[in-house]
Amino acid sequence: MTKTVNHWIGGKTVEGTSGQYGPVTDPATGAVTTRVALASVEEVDAAVAAAKAAYATWGTSSLAQRTAVLFRYRALLDAHRDDIAALITAEHGKVHSDALGEVARGLEIVELACGITTQLKGELSTQVSNRVDVSSIRQSLGVVAGITPFNFPAMVPMWMFPLAIACGNAFVLKPSEKDPSAAMLLAELASEAGLPDGVLNVVHGDKVAVDALLHHPDVAAVSFVGSTPIARYIHATASANGKRVQALGGAKNHMLVLPDADLDAAADAAVSAAYGSAGERCMAISAVVAVGAIGDELVAKIRERAEKITIGPGNDPASEMGPLITAAHRDKVASYVTGAAAQGAEVVLDGTGHTVEGFEDGHWIGLSLLDKVSTDSDAYRDEIFGPVLCVLRVETYEDGVALMNASPFGNGTAIFTRDGGAARRFQLEVEAGMVGVNVPIPVPVGYHSFGGWKDSLFGDHHIYGNDGVHFYTRGKVVTTRWPDPADAPSGVDLGFPRNH
């Protein structure tokens, strides 16, 4: 029997009442294994109401109470790493080791939230005028919402709600309906850790649920990670409804390889960054920019490594890359490869016909490598979100940076070189929010913030780190003047001398 994933509202599982369900498939087999309830507007209203009721007490709870819950939560997540990873593999398809890495990166933000006492310290200036002090404090917003993508069904939610609730907010999570089970386990473990009912709620759904959150008058802020068109829509709609918004969009991340680079290290990095997690990540390197005469040698080294990658089910320890999330997405990714030659590219590797024996109905695609790609081709311009790596050729460092800066995206980028001066210039001149120097996927650690530039981010705050704390709180400045006790009226005696 197909299992059903329902909602988590007010600290318990709540069966869907809309009558609408979405299919969840095992990408390795193509079989529908689960159905997920899709929330109606009324069900979203119920989740927001539960969060609002919980906020009345959680918002004024002590920092000691919050951190005690978060420390217990961190321990439970650590104990259930394999369980969370197994759910990710079953519904997303990524290999188990990759899923474990996702959980580990999410745990970083839980650990950051455990130290919220330091993050929420305010400022105080005394005697700014005679007997006048000024203090700055940060306070929670109320009910906040998160809308998260399919490619990291545990990590991206953990980029949001641990910090939000540590700051004193209540949270409504709308995870991807393609792989919803990991989010439910995260919520169940939070409840087990002692998080009060209603502080964290999970509603599944499609555009109906998303729009209900964007328009709800009791939702103060919205966090989003997904494609650029949807990020732009989320930002415009939620902002128009008076909400604070951080909406992280798509990417076309470039890796600039200079002639002096260690080409073996660069090829290793290109393969792992382009094909890891089947390319379904916004920080994937999808465009290598080869400078000067190294292009042929670099492409040969990338091809040699790519041909050795083992593709198979995510729960097979021998697999290094799993399937794509859906058959429709697999077909779309394949279309960029099949159309590449007509747009001037040299197809070095074509993975579109790949299948896995015994799993012929899975959403399989092999690794594709396109060389001498032009900047006006579809494979270069679009975020493919699959295991397709484009190589572009330029003559100089300046040409490479100009090409990269002309992209509408500005999420992450990398340079491979032995020259410190070139690396220093690059990190200052490139127009992207995250830069790697001999590091192919420069995802910041939890206590720094994640976010891109240009069409990769809509809103003023990056996610997690200090920006995350600032996003989930708002500042207040208090100016105070107290008269000196010695100046009290003559009828009041506080024991202070009056001859000062």
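The values are calculated or read from the model by the stated rules, or taken from the named source; none is laboratory data. It should be emphasised that the depicted structure is a prediction, and the values quoted were computed from it without experimental measurement. Don't worry about glycine lacking a Cβ; one is built from the backbone with ideal geometry, like all the others, and counts go over all protein chains shown. Surface accessibility is based on the protein's heavy atoms, side chains included, excluding ligands, DNA and RNA. Shrake-Rupley method; radii C 1.70, N 1.55, O 1.52, S 1.80 Å.
Summary table below
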| read-out | value |
| --- | --- |
| Selection within the range 1-38 - within 26 Å of Ser319 (Cβ to Cβ), small (Gly, Ala, Ser) and open to solvent by 20 Å² or more (accessible area, probe 1.4 Å) | Gly30, Ala31 |
| Search result, residues across the range 434-456 that are among the small types (Gly, Ala, Ser), over 25 Å from Leu263 (Cα atoms) and either without any contact (Cβ under 8 Å) to a residue 24 or more places away in the chain or in contact with a strand residue (DSSP E or B) (Cβ under 7 Å, 6 or more places away or on another chain) (or both) | Ser449, Gly451, Gly452, Ser456 |
| Filter result for Phe171 (crowded, with 24+ Cβ neighbours inside 10 Å, free of Cβ contacts under 8 Å to residues at least 40 places away in the same chain and not hydroxyl-bearing (Ser, Thr, Tyr)) | no |
| Criterion violated by Arg393 - all others in (1) open to solvent by 10 Å² or more (accessible area, probe 1.4 Å); (2) in a helix (DSSP H, G or I); (3) of a type outside the set (A, V, I, L, M); (4) in contact (Cβ under 8 Å) with a residue 60 or more places away in the chain satisfied | (2) |
| Elements of type strands (runs of 3 or more DSSP E) contained in the range 1-103, each with 1 or more residues being touching a residue at least 12 places away in the same chain (Cβ under 8 Å) and under 24 Å from Gly194 (Cα atoms) | 3-5, 7-9, 12-14 |
| Hits in the range 128-182 - residues which are part of a helix (DSSP H, G or I), in contact with a Lys or Arg (Cβ under 9 Å, 6 or more places away or on another chain) and among the small types (Gly, Ala, Ser) | Ala166, Ser181 |
| Selection status of Leu195, of a type in the set (A, V, I, L, M, F, W, C), outside any strand (DSSP E or B) and touching a Phe, Trp or Tyr at 6+ places or on another chain (Cβ under 9 Å) | yes |
| Selection count where residues are hydrophobic (A, V, I, L, M, F, W, C), under 26 Å from Gly226 (Cα atoms), open to solvent by 10 Å² or more (accessible area, probe 1.4 Å) and in a helix (DSSP H, G or I), scope the range 280-339 | 3 |
| Residue match in the range 205-224 (condition: assigned to a helix (DSSP H, G or I) and of a type in the set (Phe, Trp, Tyr)) | no |
| Some residue of the range 377-384 being touching a Leu at 6+ places or on another chain (Cβ under 8 Å), modelled with pLDDT of 95 or more and either closer than 28 Å to Ala231 by Cα or not hydroxyl-bearing (Ser, Thr, Tyr) (or both) | yes |
